[in-house]
Each structure stands twice: as structure tokens, then as C-alpha cells.
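Each remark here refers to the structure printed beneath this line.
The values are calculated or read from the model by the stated rules, or taken from the named source; none is laboratory data. Everything numeric here is computed off the predicted structure, so don't read it as measured data. Note: ideal-geometry Cβ built from the backbone for every residue, glycine included; neighbour counts use all protein chains shown. When the accessible area is computed, the model is the full protein with side chains, heavy atoms only, and any ligands, DNA or RNA have been set aside. Shrake-Rupley method; radii C 1.70, N 1.55, O 1.52, S 1.80 Å.
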Amino acid sequence: MNNSPLLVSVTIEPEHARDWEELVEALARLSAGAPGLRVSDLDAIGGTQALLEAASEERLREIVARFQELSPVEAIIGPPRVAYRERLSRRQEIDFTHKRPGQYARVKLVFDTDGAGGEIFENRASESAVPAEFVDGVERGVVSVVESGVILGRPVVELKAALVDGAGHGSDSSVLAFEIAARAATREALAKSSELLEPIMSVEIVAPNDVADAVIADLRGRRAQALKAEQGDETTRITATAPLAELLGYGDALSALTKGRASHNLRFGHYAPIAPEDDTPFRPAASARPSATA
């Protein structure tokens with residue numbers, strides 16, 4: 001579970017603003033004992049709303065149920081939504097100087113996609129350009145932006161940032177100044193060429209032969225690709241790939257379509273850029289209700 005991508009999210013906020021601190025404490029306790037759960041930086045969300053992310057709807061429902069069981073806070077929990085990711089779409093080289101009274105730092109960073117989820121940051125600059133004591137600040141600045149992106153607060157994946165040059169200026173340079181410069185450079189790179197990614201799932205369904213056509217038709221309406229059907233004596237095994245955005249609440253929908261006679265399995269396949277024609281990528285599951293996550 002720890003290595004599974006976090007694919008589904010819900011927002012959570014207290015019904016009464018006075019309970020915000022207590023809700024924060026409850027979420028901290030919950031995340032400490034729940035592998036496969038991410039609680040977003042509450043300051044980054046703003047206001048009194050937090051974001052929970054997990055690997056599946058089922059896992060998210062378990063976590064929310066546990067929160068409601070253990071915490072006395074009355075909370076408003078949003079419907080499940082896809083946890084999109086952000087990716088740099090092309091190589092960028094950014095030379096940025098942070099200059100304020102008493103603060104100076106220049107960083108030159110090359111941003112690229114590594115395609116393998118390796119280390120985010122690499123230092124290639126000479127110590128004469130960026131003294132060693134400031135390099136940690138550069139890395140912190142890059143990582144802080146990677147955690148929240150620039151489009152919708154979504155984490156960035158597959159990014160590689162290399163520090164290749166820079167400059168300081170006596171007592172005006174500090175770790176903080178280099179962190180600020182690196183953060184600004186990273187945001188600039190992503191703002192110039194960034195795209196949203198959606199998770200694509202592998203779907204496997206076993207359904208009675210008499211409802212297989214209806215299941216296939218329903219999948220086609222969910223942007224399914226690579227559809228295959230293997231018919232047996234009594235059941236048909238159907239496989240396909242489809243965006244998770246089209247599959248939220250799918251268990252309930254499939255049960256209604258087949259009167260509970262079909263089973264299904266969803267597995268994460270890969271991330272892919274959101275299709276340009278999909279103009280509503282952030283909708284929750286069509287069948288979601290506030291009670292659906294309880």
C-alpha cells in the first residue's frame with residue numbers, strides 16, 4: 001500500500017470553524033497510523049479545509065469512517081474526486097535572481113522529466129558559484145513547489161531539477177534567499193510548460209453472458225479503450241483501460257446495471273495527459289453523495 005499511487009481524494013472541513021485545530025490534530029493522529037494516506041499541507045489548502053488522498057475509493061472510505069469513529073469533530077466531507085497530478089511537458093532552463101534589500105541569490109536550474117520517479121534534485125554547480133551551505137536551500141525551494149504544483153495544487157511527478165550555476169553576494173546571501181530563488185525558478189518553469197495528468201486504470205469484469213453487451217456499452221461511454229471480451233459457457237470476461245475519472249462509483253453503477261451479478265477489479269495502470277476534449281475533468285463521481293464516504 002505504501003508504494004501505491006494516491007488516486008482519490010476528499011476534502012474535509014469542520015462544521016464549526018472553532019473546531020479547526022481539533023480537526024487538524026485528529027487528522028495528524030490518523031495519518032500517523034494509516035499507510036497509504038496523504039494529508040495535504042493544511043496551510044497550502046487555505047481557510048479551514050484539508051485534503052485527504054488515498055489509493056482507492058475503498059481505502060478512502062475506510063479512512064473517513066475511522067476519522068468519524070475516533071474524532072468528536074462534526075465534519076463536512078466532500079465527494080470523492082480524482083487526485084490529478086502535474087508534469088512538466090518540455091525541458092526548461094531558468095535563470096532567476098532574487099534581489100531584495102539585504103537578500104540576494106541567483107540560481108540557474110535545468111528542469112526536465114526523468115520518466116522514472118528518481119531523485120528530484122541534483123547539484124551540478126561549482127562551489128564558487130553556489131557555496132555548499134546554500135545548496136540545501138535550493139533543494140528545499142524546488143521540492144516545496146513539486147509538492148503542490150502551479151495549476152491546481154496537484155503534486156508534480158517525473159521532475160528532475162539540476163542546479164547548474166548561480167551566484168551569491170556577500171552577507172546578503174543566505175539559505176533562505178536561495179530557497180526563495182529556487183522556488184520562483186521552479187514555479188516559472190512549470191508555468192511555462194505544465195500539463196495535468198489523470199490516472200488510467202486497468203479494468204477487469206466478469207459478468208453473465210446476458211448482460212455482457214450492456215456492460216461493454218457502459219464502458220464505451222466511460223472513455224474505455226482496448227476493450228476485449230472473452231465469452232465462456234455462462235460468463236464473459238471483459239477487460240479494458242479507462243480514466244479513473246469515469247470509474248468513480250463504478251462498483252455501485254455496475255451492481256445496478258447487472259442486478260449485482262457481475263464482479264470487477266480496478267488496478268492502476270499509468271498516468272496520461274487529460275484529453276483536450278474533456279472539459280470537466282474535476283467532477284466528482286456522478287453517483288457520489290455526502291454519505292458515500294461515510
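Just for strands (runs of 3 or more DSSP E) wholly inside the stretch 1-65: which have at least 3 residues that are out of contact with any helix residue (DSSP H, G or I) (no Cβ under 7 Å at 6 or more places or on another chain) and modelled with pLDDT of 85 or more?
8-14
Can you spot a residue in the stretch 111-126 that is among the polar types (S, T, N, Q), more than 23 Å from the chain's Cα centre (by Cα) and not in a strand (DSSP E or B)?
Looking for residues that are among the polar types (S, T, N, Q), more than 23 Å from the chain's Cα centre (by Cα) and not in a strand (DSSP E or B), one finds at least one in the stretch 111-126, hence yes.
Any idea how many residues of the stretch 100-122 are closer than 16 Å to Gly168 by Cα and surrounded by 13 or more Cβ atoms within 10 Å (Cβ to Cβ)?
Result for the stretch 100-122: 7.
Return the residues of the stretch 257-268 that are farther than 17 Å from Arg85 by Cβ, open to solvent by 50 Å² or more (accessible area, probe 1.4 Å) and in contact with a Ser or Thr (Cβ under 9 Å, 6 or more places away or on another chain); say none if nothing qualifies.
Residues satisfying the conditions are Arg261, Asn265, Leu266, Arg267.
For the structure I just gave you, tell me whether Thr186 is closer than 30 Å to Val164 by Cβ, polar (S, T, N, Q) and either modelled with pLDDT of 95 or more or not in a helix (DSSP H, G or I) (or both).
Yes; evaluated as a whole, the condition is true for this residue.
Just a yes or no: is a residue in the stretch 223-245 open to solvent by 40 Å² or more (accessible area, probe 1.4 Å), under 20 Å from Ser9 (Cα atoms) and under 23 Å from the mean Cα position of the chain (by Cα)?
Taking every residue of the stretch 223-245 in turn, none turns out to be open to solvent by 40 Å² or more (accessible area, probe 1.4 Å), under 20 Å from Ser9 (Cα atoms) and under 23 Å from the mean Cα position of the chain (by Cα).
Within the stretch 123-143, can you find the residues that are of a type in the set (Gly, Ala, Ser) and open to solvent by 40 Å² or more (accessible area, probe 1.4 Å)?
Ser126, Ser128, Ala132
Give the number of residues within the stretch 52-78 that are within 19 Å of Glu25 (Cα to Cα) and of a type in the set (Ser, Thr, Tyr).
Qualifying residue count for the region: 1.
Out of all the residues in the stretch 82-96, is one or more assigned to a helix (DSSP H, G or I) and open to solvent by less than 10 Å² (accessible area, probe 1.4 Å)?
Looking for residues that are assigned to a helix (DSSP H, G or I) and open to solvent by less than 10 Å² (accessible area, probe 1.4 Å), one finds none in the stretch 82-96, hence no.
On the given criteria, is Glu204 at pLDDT 95 or above, open to solvent by 30 Å² or more (accessible area, probe 1.4 Å), under 17 Å from Arg261 (Cβ atoms) and not in a helix (DSSP H, G or I)?
So Glu204 passes the test.
Can you tell me which condition Asp165 does not meet? The list is (1) open to solvent by less than 30 Å² (accessible area, probe 1.4 Å); (2) assigned to a strand (DSSP E or B), and all the others hold.
It is condition (1) that Asp165 fails.
Just to be sure I understand, how many residues within the stretch 239-266 are on the phi < 0 side of the Ramachandran plot and assigned to a loop (DSSP other than H, G, I, E, B)?
Result for the stretch 239-266: 4.
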